[in-house]
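Scroll down for the structure; my scribbles are underneath it.
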Amino acid sequence: MNSLLERFAHNKYRLTIFGLLSGASVICVALVRFRASQTGSSHYAFLIWNLFLAWIPFLIAYFTYTASISRRWLYIIVPASAFLWLIFFPNAPYILTDLQHLSNAGIEVPVWFDVLLLIWFAFTGLFLGMVSLFLMQEILRREFGRWFGWGFVFVVAGLTSIGVYMGRFLRWNSWDILGNLSEMVQFTLYYILHPTTRSLIFASLFTSFFLFVYLILYAFGHLLLERRTESTTIESTSQ
């Protein structure tokens, strides 16, 4: 029993985050089901699938972070996991763009309900992505240094904005990389070499927003850590 409690204490924050995100996902699904029961419409049912896709990179990162603690598996699991994680990662922040469906809101329910429903989904997906990015950054920081880890974050932010744009406007999916790689690469290269005004503005704004949110959460987390360290130091000094 003591061993179990010690293990929980060591992983309590990871388990708490997992529990909170699971709870948020349950609420998201419940809101869609409630809306459907009241209106007889499955208008937002697709959000459940989008949320499921947002969980994939989180679970990959969670598993990779845990497995990489053992150096024996580091160079076997991490490269394959990182590749899969990067493929599916844009699905997490992609849910933010589902807010555009408010423009097609019907009269079945009050607008405020749809606003809150979409916010629940959007922020749950966004935080799933943020946590998974943090876990992957920590793996790289631990093995290759702080600057490599931050370089990874900035590259991922740029690639994510491209991935979200391709999903929202060009209608490509993550699994197309596995099943239709050649055509997708050609299509992507064409749009990179011949960007439109819309694609440039979207990529710039989305990358900036994504980085600002991530940096704020990262700084807040380290602010709490700094405060806890200061409290420990004060207690040690007073003793």
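Taken together, the values in this text are just the output of simple stated rules run on the coordinates, not laboratory data. Everything numeric here is computed off the predicted structure, so don't read it as measured data. Neighbour counts run over all protein chains shown; Cβ positions are idealised from the backbone, glycine included.
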Quiz item: Between residue 112 and residue 173, how many nm apart are label points set 7 Å from Cα along the C-beta direction?
Solution: 3.7
Self-check item: Span per principal axis, largest first, for the Cα atoms of the range 23-149 (Å)
Solution: 56, 24, 21
Practice problem: Could you go through the range 195-204 in sequence order and give the Karplus-derived ³J(HN,Hα) for each residue, using 6.51 cos²θ - 1.76 cosθ + 1.60 with θ = phi - 60°, rounded to whole Hz, and x for Gly and Pro? | Solution: x, 9, 4, 4, 5, 5, 5, 4, 4, 5
